[in-house]
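Colleague: Got a structure for you, written out below as structure tokens; questions coming shortly.
The values are calculated or read from the model by the stated rules, or taken from the named source; none is laboratory data. It should be emphasised that the depicted structure is a prediction, and the values quoted were computed from it without experimental measurement. Surface accessibility is based on the protein's heavy atoms, side chains included, excluding ligands, DNA and RNA. Shrake-Rupley method; radii C 1.70, N 1.55, O 1.52, S 1.80 Å.
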Amino acid sequence: MAEFEFQIYNSMTKQKEKFKPLVPGKVSMYICGVTSYDFSHIGHARAYVAFDVLFRYLKHLGYEVKYVRNFTDVDDKIIKRANELGEDALSLSSRFCQEFLTDMTDLQCLPPTEQPRVSDHMDQIRDMIQKIIDNNCAYPVDGDVYFSVDNFPNYGRLSGRKLEDNRAGERIAIDSRKKNPADFALWKAAKPGEISWDSPWGPGRPGWHIECSAMSVTYLTEKFDIHGGGMDLIFPHHENEIAQSCAACPNSNINYWMHNGFVTANDEKMSKSVGNFFTIREVTKLYHPLALRHFLMGTHYRSPVNYSIAQIEISSEAVYYIYQTLEDCASAISQFQEEIKTSAKKFPVTDDAKKCVKNLKSHFEEKLSDDLHTPTILNAALQDALKLMNKILTMLKKKLQKPQKLSNVESLIELEKEVRDVLDVLGLLSSSTYSEVLNQLKEKALKRADLTEENIQQRIEDRALARKNKDFKLGDQIRSDLTLKGIALMDVGNETVWRPCVPTEPAKSSDDQLPNPPAKSTAGQPQGPPAKSSDGQLLELSRSADAAKA
């Protein structure tokens, strides 16, 4: 921990800062979760993989971390979907909460310490709203309760927006009952047929923003270390959270605000409202979840990551290479394990391996300590370690003197351990065996290619016959045709085996294949930072599905 100071970019101060928790040795963090009315898309995956890396790295540094990620299970979209399906709103949202958790498990996101749901925290929400009213920062009107932005002078300090710049009407029509058009709902009066809870202001349900203020103070108190979510939540969600929390608890403070960039398709933010999104399930139907996780970590968490089949194919290839190297390494170590145990002499790790292990450790700590810079870890020192492991594996196939042979085996043991440690913190180390992961990757490749194992074995036999008959053109064509589909044939001694590869042509869309992103929509502007509408107002994405939010 001492060699590199952990620094994270603070959206509040607009700069990287040394991380210093409020309580030494302990970290409190709150990440805005999904609204559970549908399957989650890869924009959600981007957010929760990013904050899972943060969670894992903080634990790696030795911190005791209390990680809270909520579910919004009461919302307009949930009610609308439930009415369409003739289903109870809470039943529907509970079902999709579980589907989300299944996706997170597939992506190897560790479960947070707490996962509160809005429906279980109505008492806390009502109490906080009453405090805000008592402190003259909110007012009831006809069963609704609105936050008064005029009575909170610091409104806009996170987003940098001035109060006079705020305009209503983005998501709802301007309400003449508001004292200021920018005032936002803390409590919404019940409409006929909607789920509701009793309150001092009449039956209703919470507004969007109050949920996180109430639940964060419930689990982390009014002061905690890190609050995070998608970049699109800076305004209005997190801006409004700050206003509510400070209005209810004047001592409220969050030390670090962290926000991840968007997933884009054709350089436009991926979202359900635009119609250019893919669910996590659609992707993992054809690609291993580790490939999706690798793809998402291949871009720094604050930068937009542009979705493409080609990039996921490359990540799938990278994950296969990692696990094939580890499998070959484990096999070699197992082969020489008994010889190492019975040897009276301890054989040293090679100088190259020592240097490589030291470099990987140092590079890993340096880059993750620098605001979680995962791309350089995946593409530099980790690759160097894997290359050296393969070089040693090749050497072990030759006739070596015992000292050199066992020294190389000891080197493999050290390299495997360090690579596993790095993969574990990155969330890329599966609980399955190496061979199981390799088989899973091969199964996904077969599905993408619309082939079976039997199909490939038949092609291998056809190629062998063609070569036997000296029809090398046909043999090469069979191999080339398979490569087009992402299947590589490799001649190993007298045997031909296959493995997945990056197709020589992009995958084509079909009913069973992940489609390419739709053509660019005109619904919004292509973005890295939050998008703006024609009137200059920051666009709020559909809060129930399009943003990683509360």
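Colleague: To the nearest 10 degrees, how steep is helix 453-468 against the longest Cα principal axis of the chain, on a 0 to 90 scale?
Modeller: The two axes meet at around 30 degrees.
Colleague: Let me ask something additional. With everything on Cα atoms, drop me the angle between helix 76-85 and the longest principal axis of the chain, reported from 0 to 90° to the nearest 10.
Modeller: 70
Colleague: If you restrict to DSSP beta bridges whose two residues both lie in the chain, what percentage is antiparallel, to the nearest 5? Kindly include the intermediate steps, with their values, before the conclusion.
Modeller: On the way: 26 of 48 bridges.
The antiparallel proportion sits near 55 percent.
Colleague: Sticking with this one: Keeping all protein chains in the complex and leaving out DNA, RNA and ligands, what accessible area do you get for VAL274 with a 1.4 Å probe, in Å² to the nearest 10?
Modeller: 40
Colleague: Next question. Heavy atoms of the protein only, probe of 1.4 Å, neighbouring chains included. What is the accessible area of THR376 in Å², nearest 10?
Modeller: It works out to around 40 Å².
Colleague: May I pose another question? Would you work out if the range 19-102 is rounded, prolate or oblate? Take a ≥ b ≥ c from the square roots of the eigenvalues of the alpha-carbon gyration tensor; rounded if a/c is under 1.5, else prolate when a/b is larger than b/c, oblate otherwise. Mind dumping the intermediate values first?
Modeller: On the way: a/c = 3.59, a/b = 2.62, b/c = 1.37.
Judged from the Cα gyration tensor, the range 19-102 comes out prolate (a/c at least 1.5, a/b above b/c).
Colleague: Could you give me the ³J(HN,Hα) list for the range 281-298, computed from phi with Karplus coefficients 6.51, -1.76, 1.60 and θ = phi - 60°, whole Hz, x at Gly and Pro?
Modeller: Computed from phi, the couplings for the range 281-298 are 5, 4, 6, 6, 5, 10, 10, 4, x, 5, 5, 5, 4, 4, 4, 5, 7, x Hz.
Colleague: Using Cα centres only, tell me the gap between the range 209-229 and the range 114-141 in whole Å.
Modeller: Centre-to-centre (Cα) distance: 13 Å.
Colleague: Leaving out ligands, DNA and RNA but keeping every protein chain, what accessible area does LEU360 have, in Å² rounded to the nearest 10, with a 1.4 Å probe?
Modeller: It works out to around 0 Å².
Colleague: Taking a ≥ b ≥ c as the square roots of the Cα gyration tensor eigenvalues, with a/c under 1.5 meaning rounded and otherwise prolate when a/b beats b/c, else oblate, which class fits the range 439-496? Numbers along the way, then the final one.
Modeller: Numbers: a/c = 2.28, a/b = 1.79, b/c = 1.27.
Prolate shape, in that a/c is at least 1.5 and a/b is the bigger ratio.
Colleague: Whole number in Å², please: accessible area per residue of the chain, 1.4 Å probe, ligands, DNA and RNA not counted.
Modeller: Dividing the accessible area of the chain by its residue count gives 44 Å².
Colleague: Oh, and also: For ASP150, ASP328, write out the residues from largest to smallest accessible area, computed with a 1.4 angstrom probe and no ligands counted.
Modeller: Listed by decreasing accessible area, they come as ASP150, ASP328.
Colleague: Right, next: Could you work out the helix-only [θ] at 222 nm for the chain, with each DSSP H run of four or more residues adding -39,500 (n - 2.57) and the total divided by the number of residues, to the nearest 500 deg cm²/dmol? Let's see the in-between values first.
Modeller: Numbers: 16 runs with 240 residues, N = 550.
Computed ellipticity for the chain at 222 nm equals -14500 deg cm²/dmol.
Colleague: Please compute the Kirkwood hydrodynamic radius over the chain, one decimal place, Å, based on all pairs of different Cα atoms.
Modeller: 25.9
Colleague: Any idea what the relative contact order of the range 1-96 is, in percent, if you count C-alpha pairs under 8 Å spaced at least 6 apart?
Modeller: 30
Colleague: Taking the chain as the reference, fit the longest principal axis to its C-alpha atoms, fit the long axis of helix 42-60 to the helix C-alpha atoms, and give the angle between the two in degrees, 0 to 90, nearest 10.
Modeller: So the helix axis and the longest Cα principal axis differ by about 80 degrees.
Colleague: Calculate log10 I(q)/I(0) of the range 272-429 for q = 0.10, 0.13, 0.16, 0.20 Å⁻¹, where I(q) comes from the Debye formula with a single equal point scatterer on each Cα and nothing for solvent.
Modeller: -0.44, -0.68, -0.91, -1.22
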